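Working notes for the structure below.
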Amino acid sequence: MQKLYDEVSSLDKRCYENFGLSEDILMEHAADGMADFIKSKFSKGSSVLIVCGSGNNGADGIALARLLHPDYNVKILHLKKPKSDMAKLQKKRLDAIGLKECCTIESCDVLVDAIVGTGFRGEFNPEISSVIDEMNNSDAYKIACDVPSGYKFFADATLTMGALKKDMYLDAHKEYVGDIKVIDLGVGRDIYECESNWNLLDLEDLNLPNRNKKDTHKGSYGHLACVVGEKIGAGVLCSKSALRFGAGLVSVVGYNTTNIPHSIMSSELLPKTTSAIAIGMGLGDSYSDMDLKSFLNNDYPLIADADILHMDILQEILKRENVVLTPHAKEFISVLRLCKLADISVDELQKNRFKYVELFCKTYPKVTLLLKGANVIIAKDDKFFINPHGSSKLAKGGSGDVLSGLIGSLLAQRYTPLEATFNASLAHVSLALNYTGSDFSLTPDDLISQIGKL
Ligand SMILES: NC(=O)C1=CN([C@@H]2O[C@H](COP(=O)(O)OP(=O)(O)OC[C@H]3O[C@@H](n4cnc5c(N)ncnc54)[C@H](OP(=O)(O)O)[C@@H]3O)[C@@H](O)[C@H]2O)[C@@H](O)CC1
Ligand SMILES: Nc1ncnc2c1ncn2[C@@H]1O[C@H](COP(=O)(O)OP(=O)(O)O)[C@@H](O)[C@H]1O
Ligand SMILES: [K+]
């Protein structure tokens, strides 16, 4: 797990105050880290074009040019005259060396974007936008210094200074950042970083429901009751996924339980041995509020997904002690509206995913939330996690039903709601990563069939 930050200037400040480092020292480490990265990937003599802006992001680029010269064929393009103190200082150092400057985006092996970093505000003017377009059209390997400028530069790799910034994990930014690597600024990351409520999940954080005890039986692994409705397929996918992920028993529950696989049980009412409930997937409007209440009149851990996230009965569900909500963006704006927290568009949500997740969790600290997307957010109370390992292979109907089954299965096996949710999410993305077929071909059944290989 790695920590995520809204901003790192306060971390830089701690370095000056607590460790006696200066802005100059931090910047030299930033540039050195980028130089090391390039040296590890490209042989001496490769051509490197560094495009610099006028602030400290540009200054990082100017320092990098000095460190790579003369082993690499380095050229620098100043989009603006150096303006910050550090940019002016770095320019003076570079001028002393006498490095070649250029004024167009020339062909090169490595292209570095050091136009703007965390200090960028507003929009680029047309001239800078057209330079970034040209950079994006280059065949070179593309490196973003700290962050891709204005999230308009498509990087192959982003070399980010000191610590991971939350903003890099907004869904819309996933297209731009490429592989992200943190550059050490001279004090080691564990010392540079301070506490943060936001964390990035690593695949290695996955804790599978492996069976360590010998004297057990099916009842030891819980019983998931999956309430099904109009579209029975969704409930079947959820149930098959839950059984495969270790639940001892899985039942589909409801009025419509014909043609279900032999391994799944069925009943009209919740079975007596139920230890967790999954509800919402494919539900349609087949149940009255009274019917739904009959499934909710208990305190079993529960995962609520899909259709139920649009229903007034959600208010009842949110009062439960152990509940997980798994909306996608459109469902989450419905949740926010039903809870009278916000009445916003999907676009507004996607631009401010972190803010609205925090708002929801502040109001409902007992609820575990998983907001689906290119980068999944998992949150409870004041703890927030981002799972960035999913891929567009998962963008297919039924992927979410499989996820609900994974979460329901772990709830039935007595993981806490938060642990069930982030472990299930990690398992879900691992299934997609492990799939070796073409990226457009992954089906929910493929996901389920691979659970046993995790
Ligand atoms: N200790 C540290 O601080 C360390 C900092 N580090 C580095 O510093 C970076 C932050 O540097 P920063 O604060 O100077 O901001 P930065 O990203 O260069 O942007 C400012 C420039 O952007 C420009 N600009 C703004 N809006 C614009 C627009 N709409 N359209 C066009 N231009 C616009 C604005 O230009 P102006 O408009 O003023 O001419 C100004 O010059 C950080 O990302 C990291 O790389 C590392 O070396 C590690 C140590
Ligand atoms: N581009 C993507 N990158 C990563 N994960 C994705 C992407 N698109 C969809 N997913 C994941 O796939 C799942 C889709 O769920 P959902 O939309 O509820 O599907 P359904 O209801 O049809 O089962 C979610 O877990 C989501 O995070
Ligand atoms: K940049």
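Bear in mind that the values in this text are calculations on the coordinates, not laboratory data. Computed from a predicted model, the values in this text were never measured in an experiment. Ideal geometry is used to build each Cβ from the backbone, glycine not excepted, and the neighbour counts take in all protein chains shown.
Mark the label point 7 Å from the Cα of residue 9 along Cα→Cβ and return the residues of the range 173-190 whose backbone N is within less than 11 Å of it. None, by backbone N distance to the label point. Helix 399-412 and the longest principal axis of the C-alpha atoms of the chain enclose an angle of approximately 70°.
Packing, as the average of other Cβ atoms within 10 Å across residues, places the peptides 294-304, 74-84, 206-216 in the order 294-304, 74-84, 206-216, highest first.
Working from Cα positions, state the angle (0 to 90°, nearest 10) between the long axis of helix 126-137 and the longest principal axis of the chain. Relative to the chain, helix 126-137 is tipped by roughly 70 degrees.
Rounded to whole Å, give me the distance from the Cα center of the range 170-205 to that of the range 377-433. That distance is 20 Å. Axis angle, to the nearest 10 degrees, between helix 56-68 and the longest C-alpha principal axis of the chain: 70 degrees. Secondary-structure-derived ellipticity at 222 nm for the chain, considering helices only, amounts to -11000 deg cm²/dmol, per-run term -39500 (n - 2.57) for DSSP H runs with n ≥ 4. When the charge dipole of the chain is built from unit charges on Cβ atoms (+1 for Lys and Arg, -1 for Asp and Glu) and taken about the Cα centre, the candidate among 219, 49, 303 whose Cα reaches farthest toward its positive end is 219.
Once Rg and the Kirkwood radius are both taken over the C-alpha atoms of the range 1-135, their ratio Rg/Rh works out to 0.97.
Here's how it looks for residue 278: its modeled amide H is under 5 Å from those of 225, 226, 227, 303, which are all 5 or more places away or on a different chain. Got the relative contact order for the range 203-453 handy, in percent, Cα pairs under 8 Å and 6 or more residues apart? Here the relative contact order equals 22 percent.
Cross-link pairs exceeding 26 Å in C-alpha to C-alpha distance, out of 13/380; 272/380; 174/396; 240/355; 41/81, comprise 13/380; 272/380; 240/355; 41/81. For the range 134-156 versus the range 1-36, the inter-centroid distance based on Cα atoms is 22 Å. Within a Cβ distance under 14 Å of residue 363, other residues only, what is the Lys/Arg minus Asp/Glu net charge? Overall, the nearby charge balance is +4.
Distance between the C-alpha centres of the range 293-318 and the range 38-107: 58 Å, rounded to the whole angstrom. Rounded to the nearest 20, the size of the Cβ-charge dipole of the range 312-454 about its Cα centre is 240 debye, with Lys and Arg at +1 and Asp and Glu at -1.
Peptide packing: for 324-334, 442-452, 190-200, the average count of neighbouring Cβ atoms within 10 Å per residue gives the ranking 324-334, 442-452, 190-200, highest mean first.
Of the GluC sites (Glu not before Pro) in the range 204-303, the ones in a loop by DSSP (not H, G, I, E or B) with at most 13 other beta carbons within 10 Å are 268. Projecting the Cα atoms of 22, 114, 201 onto the charge dipole of the chain, computed from C-beta unit charges around the Cα centre, puts 201 farthest toward the positive end. Ranked by how many other Cβ atoms sit within 10 Å of their own Cβ, fewest first, the residues 101, 419, 358 fall in the order 101, 419, 358. About its Cα centre, the chain has a charge dipole of approximately 600 debye under the convention of +1 per Lys or Arg Cβ and -1 per Asp or Glu Cβ, with nothing else charged.
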